[in-house]
Amino acid sequence: MPSFRPPTPRLIGAALVLVVTLIALRLLYPEPAPSQDPDDRLGIDLVAPRGEVAAVPSIDVVFDAQMVPLGEKEEGLDPPPLRLTPEIEGSFTWIGTRALSFVPARPVPEGTRIACVVPAETRSLSGARLGADHRFEIIVGRPRLLRAVPDDWGLIAPDATLHVAFTLPPAEDAVRFVSLAGPGGAI
């Protein structure tokens, strides 16, 4: 049968240091009280990436206020305050108390247009509200010209056949944007 041994002074000292440290951390970093001020607005300091990019290793949003308690990881704000269209498989993680990072499970295909929205009802720990949807867009690798035949566009006969190859198939309505021009203007 196991016997009970009273805690040693060293163990009592370590426990006391831990309790004092936890109390000091709570005093230094208290959770903010919910805001009662209707004009108290949450802001966004940074979103990245945005616009046209070659790849999307992550999508990051940095708020101007504490969003989750210190030490919170995947558990904070469910659902996360970032909506992606189309939906992309991946994971959300809080970095510190103000930054949310989404990491796709696999590379996002070229030609994907991602609409990102941080909803207006998003609230910080203090209760401050965003107030209006914050929208941004990411375009992953637009189509690029791979090859053109003939490759010398100097003098081409009016009845010549042109062949072009792109990194992605053209959209159905893309043909209306194709135009040819020569020294004398449109052909």
Task: Every residue from region 103-133 that is assigned to a loop (DSSP other than H, G, I, E, B) and of a type in the set (Val, Ile, Thr) - done: Val108, Thr112, Thr122
Task: Residues located in region 99-125, provided they are open to solvent by less than 30 Å² (accessible area, probe 1.4 Å), touching a Pro at 6+ places or on another chain (Cβ under 6 Å) and over 22 Å from Gly51 (Cα atoms) - done: Thr122
- [ ] Pull up region 141-157, narrow it to residues that are open to solvent by 100 Å² or more (accessible area, probe 1.4 Å) and in a loop (DSSP other than H, G, I, E, B), then point me to the one that is modelled with the highest pLDDT.
- [x] Arg144
- [ ] Could you tell me whether any residue of region 126-135 is closer than 16 Å to Leu46 by Cα, under 16 Å from the mean Cα position of the chain (by Cα) and open to solvent by less than 50 Å² (accessible area, probe 1.4 Å)?
- [x] no
- [ ] Give the residue, chosen from Ala186, Ala120, Ala160, that is modelled with pLDDT of 80 or more, on the phi < 0 side of the Ramachandran plot and aliphatic (A, V, I, L, M).
- [x] Ala120
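The values are calculated or read from the model by the stated rules, or taken from the named source; none is laboratory data. What you see is a predicted model, and the numbers here were worked out from it, not measured in a lab. Positions of Cβ are generated from backbone atoms using ideal geometry, with glycine treated the same way; all protein chains shown enter the neighbour counts. We work out accessible area using only protein heavy atoms, side chains counted, and drop any ligands, DNA or RNA first. Shrake-Rupley method; radii C 1.70, N 1.55, O 1.52, S 1.80 Å.
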